[in-house]
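These notes concern the structure reproduced below.
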Amino acid sequence: MNRFLDLADFPREQVKDLLGLAARLQQHPQPQALAGKVLGLLFLNPSLRTLASFQSAIMRLGGTAVVITPGQGTWQMETRSGAIMNGAAAEHVREAVPVLASYCDAIGIRMFAEGRNLAADLAETGFKMMADLCDKPLVNMESAVSHPCQALADWHTMDELRVPERGKFVLSWANHPRALPLAVPSSTVHMAAQRGMEVVVLRPDGFALPDQIMEKARQAAKASGGSVRETNDRSEALDGAHVIYAKEWGSPQHYGDNEAETRLREYLSDWCVKDNWFRTTDPNCHFMHCLPVRRNVAVADEVLDGPRSVVIREAFNRMVVQMAVLYRLLRG
Ligand SMILES: CC(=O)N[C@@H](CCCN)C(=O)O
Ligand SMILES: NC(=O)OP(=O)(O)O
């Protein structure tokens, strides 16, 4: 394994192997496994979990991390090809990435969707350009349409909680004051399909995930024996669910058009997960979210503070699975 960019790049058995390694490293720590290794982390967007969990993961294996957050003690960076750099950015990623890679044994990059051109974001043009600049093992720490570390941690969390592999997984759209990227919903729907689950994407009209994302998840379901469908019917979707996974995302129909998007959201404030969403679910139904989350906009306090919420465990498991990813990238 030389790159960890998307769960779809790995067959189901290889993902399970990675999860097995994560569980072993959790049970039997190997504090010297990556001694002397240096991990470079480049954050073009903010983070709490990804930043802290990658630093903790490499340190718990004996290595160390260099964190670069452009504009905060590091030069602001230009990412556009052909830019005339007479603005705020002092250097281009074309130099910055190879320089950082030259100091490090592996690199992690976070670069969100631009949010203007759906086709360009779906094609991962930004992240691919960055990946081409990097000649070291590379981890995707969230790109335009993929957040594989989150997906892997969520799979591990469901395994730990003994959520049935054939269980019903509802990815529900949730409210947010602005349009958020498609990375988490895209990776989540794929992960649950690859795990073999009955996946239902519950979303209001206007928020259907792009065909490309749904089709990719359907291919994963075909290989695993799972299924993927979508609906705007909340009661049908939640009936018998084993997991409600809430996520906010922008309307693909109005991609980059904030005004149209805001109008669409005006009537969607009841897309905030409450206790009564669990009335007809499986009795052990869990609530999942990748965080950060806006309380009482996307999910009510009563759910986040209640026994169904596993959001802290998901966040903890980021560190656990990333130890396995780093181990495979740096030791094979
Ligand atoms: C609030 C926000 O920008 N969320 C980002 C990050 C989520 C987890 N890394 C998103 O929805 O993609
Ligand atoms: N879930 C997640 O990736 O969180 P951060 O954006 O804080 O890293």
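Please work out the FRET efficiency for the pair residue 267 and residue 27, using the Cβ-Cβ distance as r and a Förster radius of 45 Å; give the result to the nearest 0.05. Walk me through the intermediate numbers first.
Numbers: r = 49 Å, r/R0 = 1.08.
That gives a FRET efficiency of 0.40.
Where in segment 90-163 are there GluC sites (Glu not before Pro) that are in a DSSP coil and have at most 16 other Cβ atoms within 10 angstrom of their Cβ?
Details: sites: 91, 95, 114, 124, 142, 160; in loops: 114, 124, 142.
Hits after loop and neighbour filter: 114.
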Review point. For segment 235-332, which trypsin sites (Lys or Arg not before Pro) are both in a DSSP coil and crowded by at most 15 other Cβ atoms within 10 Å?
Key: 274, 279, 294
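Accessible area per residue for segment 162-309 in Å², computed with a 1.4 Å probe and the full protein assembly in place, what is it? Write down the numbers at each step before the final one.
Details: 6300 Å² over 148 residues.
On a per-residue basis, segment 162-309 sits at 43 Å².
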Practice item. As a check on your grasp of the helix formula, calculate [θ] at 222 nm for the chain: sum -39500 (n - 2.57) over DSSP H runs of n ≥ 4, divide by the residue count, round to the nearest 500. Key: -12000 deg cm²/dmol
**Study point:** For residue 40, residues with placed amide H under 5 Å, excluding near neighbours
**Key:** 66, 105, 106, 107, 108
Check your understanding: Mind listing which trypsin sites (Lys or Arg not before Pro) in segment 74-141 are in a DSSP loop and have 10 or fewer other Cβ atoms within 10 Å?
Key -> 116
Revision key, fill the gap. Sequence order, segment 148-164: Karplus ³J(HN,Hα) from phi using 6.51 cos²θ - 1.76 cosθ + 1.60, θ = phi - 60°, Hz rounded, Gly and Pro as x, gives x, 5, 5, 4, 5, 5, 5, 4, 4, 4, 5, 4, 4, 7, 6, 5, x
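For the chain, what % of the accessible area comes from carbon and sulfur atoms, probe 1.4 Å?
On the chain, the fraction of accessible area on carbon and sulfur atoms equals 49 percent.
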Check your understanding: Roughly how many Å is it from the Cα centre of segment 252-320 to that of segment 146-217, as a whole number?
Key -> 12 Å
Practice item. Determine the alpha carbon to alpha carbon distance for each of 16/247; 128/222; 128/216; 168/222 and list only those over 22 Å. Key: 16/247; 128/222
Practice item. Return the sequence-ordered ³J(HN,Hα) values of segment 19-25 in whole Hz as given by the Karplus equation 6.51 cos²θ - 1.76 cosθ + 1.60 applied to θ = phi - 60°, using x for Gly and Pro. Key: 5, x, 4, 4, 5, 5, 5
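The values are calculated or read from the model by the stated rules, or taken from the named source; none is laboratory data. Predicted, not measured: the structure shown is a model, and the values here were computed from it. So basically every Cβ, Gly included, is an ideal-geometry build from the backbone, and we count neighbours across all protein chains shown. Protein only, heavy atoms only, side chains kept; ligands, DNA and RNA dropped before computing areas. Shrake-Rupley method; radii C 1.70, N 1.55, O 1.52, S 1.80 Å.
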